[in-house]
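Contents: one structure, followed by commentary.
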Amino acid sequence: MLGCLFSTSIAQADDLDKSIGDANALLDDLHRLIAENPAKLRVRLPNSTEWVNLKPLGLAPACLAPVLVRPSAPQRALTQCSGMHMTKLGPVFMTASIFWTYDNGWELGQVLRLQAKSFTRESNHTDDADLSQEPPMIQALAAAESPELKKLAGLWAALQKQRLPARTDNQWGASEPWPMNLLALHEDGRVKLSGLRLAGLHAWQSWWAEQPRTEGIRTLVGVEIQQGGKSPALQVGELSLAKVPFAVVLLPADQQPSEELPLWQDENWQLLMVRTDGK
């Protein structure tokens, strides 16, 4: 267990554009550290309690550029690294997905997945960290492929340009509970479903049609909240991680999601990444 990688609450943040920009500057620092001074970085291997130096593992400097996972403090990033590690039994080619947390500097990373290929034994081994208590996004990041991470990086760039809608004092959502099997409701009437229990759908279609439109926001996504049931969130992006579909959404700041923890938050909105396959 990782001790809940996202357990730390976040303070009220600057605007989303500035938060992403500041976080990207920190990612540049991490990239330089990995390339120029990996001896300053320590990682914890899957299912281990010990911290080991990154450099002797042979996983640096052959790392792809870090990808932003969370722009608000404490900032989080993911790197995919590979390299040759010498063991008593001969050379082993290793690849790793490393989850980094910024805490007054970059120092510690958790290896979510470690894959080793032995050339002498012609064998492959994969070691995964226990992510059963982590949010779905973290679980998927462990097995995400490079093209998916590139899309995640592009999504953050797009969000820097996204204008956030204004919040009003009106009731958030329709008078009916969010339909049990409704995953998403599109502006043009299309729906994404996990089943046929759709009581109250018409009320939600009417409410969504009445809402003022913000450029780039055309879909409602249901997010499970601690108060029970689901609350509508505004989709501002979508992508797949480990072939699992996710939506990046804005949920009112006064709502309390039951699984996901905010990636960013201000007095009006919180940014979440939620799974959209109904599982």
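Restricting the range 183-225 to residues that are over 26 Å from Trp156 (Cβ atoms) and among the basic types (Lys, Arg) leaves a set whose member that is modelled with the highest pLDDT is Arg190.
Total residues in the range 41-64 satisfying the condition of being among the hydrophobic types (A, V, I, L, M, F, W, C), without any contact (Cβ under 8 Å) to a residue 60 or more places away in the chain and surrounded by fewer than 21 Cβ atoms within 10 Å (Cβ to Cβ): the figure is 5. Scanning the range 255-266 for residues that are out of contact with any strand residue (DSSP E or B) (no Cβ under 6 Å at 6 or more places or on another chain) and modelled with pLDDT under 90, we see that the one that is most open to solvent (accessible area, probe 1.4 Å) is Glu259. Leu164 meets the conditions (1) in a helix (DSSP H, G or I); (2) open to solvent by less than 50 Å² (accessible area, probe 1.4 Å); (3) in contact (Cβ under 8 Å) with a residue 24 or more places away in the chain in every case but one. The failed one is (1).
Answer with yes or no whether Leu26 is surrounded by 15 or more Cβ atoms within 10 Å (Cβ to Cβ) and part of a loop (DSSP other than H, G, I, E, B). The answer is no for Leu26.
Residue under question is Pro61, and the condition is that it be closer than 30 Å to Ser258 by Cβ and either modelled with pLDDT under 90 or not polar (S, T, N, Q) (or both); does it hold? Write out each step before concluding.
Details: closer than 30 Å to Ser258 by Cβ: no; either modelled with pLDDT under 90 or not polar (S, T, N, Q) (or both): yes.
Answer is no for this residue.
Scanning the range 207-223 for residues that are open to solvent by 10 Å² or more (accessible area, probe 1.4 Å) and in contact with a Ser or Thr (Cβ under 6 Å, 6 or more places away or on another chain) turns up nothing.
Condition check ((1) in contact with a Lys or Arg (Cβ under 9 Å, 6 or more places away or on another chain); (2) closer than 15 Å to His186 by Cα) across all residues:
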{"site": "Val221", "(1), (2)": "yes, yes"}
{"site": "Gln235", "(1), (2)": "yes, yes"}
{"site": "Phe246", "(1), (2)": "yes, no"}
{"site": "Glu260", "(1), (2)": "yes, no"}
{"site": "Gln265", "(1), (2)": "no, no"}
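Considering (1) surrounded by fewer than 21 Cβ atoms within 10 Å (Cβ to Cβ); (2) more than 26 Å from Ala142 (Cβ to Cβ), the lone condition that Asp277 does not fulfil carries the number (2). Among the residues making up the range 83-141, a single one is touching an Asp or Glu at 6+ places or on another chain (Cβ under 6 Å) and open to solvent by 60 Å² or more (accessible area, probe 1.4 Å): Arg113. For first residues located in the range 224-253 and farther than 17 Å from Leu182 by Cβ and open to solvent by 10 Å² or more (accessible area, probe 1.4 Å), partners that are aliphatic (A, V, I, L, M) and assigned to a strand (DSSP E or B) and lie 6+ apart or on another chain with Cβ distances below 7 Å form the pairs Val236/Val248; Val236/Val249; Val236/Leu250; Gly237/Val248. Every listed requirement among (1) more than 20 Å from Trp269 (Cβ to Cβ); (2) in a strand (DSSP E or B) is met by Asp188 save one, (2). With respect to the conditions (1) part of a loop (DSSP other than H, G, I, E, B); (2) open to solvent by less than 80 Å² (accessible area, probe 1.4 Å); (3) free of Cβ contacts under 8 Å to residues at least 60 places away in the same chain; (4) closer than 23 Å to Glu259 by Cβ, Trp172 falls short on a single one, namely (3). Scanning the range 175-189 for residues that are out of contact with any Ser or Thr (no Cβ under 9 Å at 6 or more places or on another chain) and open to solvent by 30 Å² or more (accessible area, probe 1.4 Å) yields a total of 5.
Considered as a group, the residues in the range 69-117 that are under 22 Å from Trp156 (Cβ atoms) and not in a strand (DSSP E or B) include one that is farthest from the chain's Cα centre (by Cα), and that residue is Gly105.
The values are calculated or read from the model by the stated rules, or taken from the named source; none is laboratory data. What you see is a predicted model, and the numbers here were worked out from it, not measured in a lab. Methodologically, a virtual Cβ is constructed for each residue, glycine included, from the backbone with ideal geometry; neighbour enumeration extends over all protein chains shown. Keep in mind that these areas ignore ligands, DNA and RNA; they rest on the heavy atoms of the full protein, side chains included. Shrake-Rupley method; radii C 1.70, N 1.55, O 1.52, S 1.80 Å.
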